[in-house]
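Report on one structure; see the data block that follows.
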Amino acid sequence: MKQNKVVIFFLGTLLASIIIANIISYENKAKNNRQLAIASQNAVANEKEKNNSTKTANDSKNTDCKNKKCIALTFDDGPSKYSNEILDILKSNNAKASFFYIGAHLSSHVNEVKRTSTEGHDIGNHTWDHINLNKIADTQLQDQINRTNDEIARITGQKPVLLRPPFGSLSSDRFSLIGKMSVVQWSVDPDDWKDKDANVIYDRVMQAVANGNIVISHEIYQSSIDAYKRIIPDLIKQGYSLVTITDMFDIDLADPLLKAYYSTNKIL
Ligand SMILES: [Zn+2]
């Protein structure tokens, strides 16, 4: 009987040891799995961080225009058959610009509009059919802007926050009609619609331009495109960063200020 008790005690102890060893091994495995999961989460987070910072560097957003010389080039009246050409010039110089599109032109240039957006340029509203906003009724004004915003948002997924009124014509007492948008005017105008000569346009821009300026041009003339083939690399050689309007003025896409931007020195 005494021997049996010893055997039972021995077997009991052995069984208990096996159970405890299994529990410890299970817990260790679980701990290892948790550590693996955390490590892989960290790897994903690091990869995301890396992608974000690469994107920021490539699309030259968040440029420090307080300490760097910046110019915002703007192109009106597209999208057009010239859109790809100006986008190619910008891309090969790693430069950004802002495009103010006419609503009625959008549906025949959907690919160009998408490209403008994916390559990191600003797309702004230039009304549905290039109308003088000061000469129409309030409801018509809102219709011109909303229709164009909706069509741009449908194509790019991003509702514009910038408005360039045709002819720069929008009196400040009508700002409240445009909703959450910023008005973009300009401080350098080479009159490229009037004098369709690439050399003249080049000279006017290069002579007038200074840090913090907004330059207005039109993407619908070959002479303008030819001028910017030289203007863009030459401004970069002079040390300018060519940036979007939202970048230069640090405009909050979710909550743009109801202001009129002419240059970094003139904001009304
Ligand atoms: Zn225009």
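The values are calculated or read from the model by the stated rules, or taken from the named source; none is laboratory data. Since the structure is predicted, the reported quantities are computational estimates derived from the model, not experimental observations. Quick reminder, even Gly has a Cβ in these numbers, built from the backbone with ideal geometry, and neighbours come from all protein chains shown. Heads up: the accessible areas ignore ligands, DNA and RNA and are worked out on the full protein's heavy atoms, side chains in. Shrake-Rupley method; radii C 1.70, N 1.55, O 1.52, S 1.80 Å.
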* To do: Quickly run through the stretch 118-133 and pick out the residues that are surrounded by 14 or more Cβ atoms within 10 Å (Cβ to Cβ) and either assigned to a helix (DSSP H, G or I) or not assigned by TED's automatic domain parsing to the domain that holds Glu85 (or both).
  => Leu133
* Report yes if some residue within the stretch 244-262 is touching a residue at least 24 places away in the same chain (Cβ under 8 Å), in a helix (DSSP H, G or I), over 19 Å from Leu163 (Cα atoms) and of a type in the set (S, T, N, Q); otherwise report no. => no
* To do: Starting from residues that are within 16 Å of the ligand (Cβ to nearest atom) and within 19 Å of Asp247 (Cβ to Cβ), keep the ones in the stretch 159-182 and report whichever is surrounded by the fewest Cβ atoms within 10 Å (Cβ to Cβ).
  => Pro160
* Residue that is nearest to the ligand (Cβ to nearest atom) [pool: residues in the stretch 104-117 that are open to solvent by 10 Å² or more (accessible area, probe 1.4 Å) and of a type in the set (A, V, I, L, M)] -> Ala104
* Asked: Could you list, in sequence order, the residues of the stretch 135-158 that are closer than 26 Å to Lys114 by Cα and open to solvent by 50 Å² or more (accessible area, probe 1.4 Å)?
  -> Gln142, Asp143, Asn146, Arg147, Asp150, Arg154, Gly157, Gln158
* Asked: Which residue, of Ile214, Ile236, is in contact (Cβ under 8 Å) with a residue 60 or more places away in the chain, surrounded by fewer than 19 Cβ atoms within 10 Å (Cβ to Cβ), within 15 Å of Lys69 (Cβ to Cβ) and of a type in the set (Val, Ile, Thr)?
  -> Ile236
* Has the stretch 154-172 got any residue that is under 26 Å from Lys68 (Cα atoms) and of a type in the set (Lys, Arg)? -> yes
* Asked: Can we say Asp255 is modelled with pLDDT under 95 and open to solvent by 40 Å² or more (accessible area, probe 1.4 Å)?
  -> yes
* List pairs: first in the stretch 69-91 and outside any strand (DSSP E or B), second open to solvent by 20 Å² or more (accessible area, probe 1.4 Å) and within 15 Å of the ligand (Cβ to nearest atom), Cβ under 6 Å, 6+ apart or cross-chain? -> Pro79/His105; Ser80/Ile220
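Every residue, every condition in (1) touching a strand residue (DSSP E or B) at 6+ places or on another chain (Cβ under 9 Å); (2) closer than 20 Å to Pro166 by Cα; (3) modelled with pLDDT of 95 or more; (4) within 14 Å of the ligand (Cβ to nearest atom), yes or no:
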position	(1), (2), (3), (4)
Asn62	no, no, no, no
Ala72	yes, yes, yes, no
Ser83	yes, yes, yes, no
Asn93	yes, no, yes, no
Ile102	yes, yes, yes, yes
Glu119	no, no, yes, no
Asn125	yes, yes, yes, yes
Trp128	no, yes, yes, yes
* **Criterion violated by Asp191 - all others in (1) touching a Gly at 6+ places or on another chain (Cβ under 9 Å); (2) in a loop (DSSP other than H, G, I, E, B) satisfied** => (1)
* Scope the stretch 58-84; condition crowded, with 16+ Cβ neighbours inside 10 Å and among the charged types (D, E, K, R); matching residues -> Asp59, Asp76, Asp77
* **Test result for Thr148, more than 20 Å from Leu242 (Cβ to Cβ) and within 16 Å of the ligand (Cβ to nearest atom)** => yes
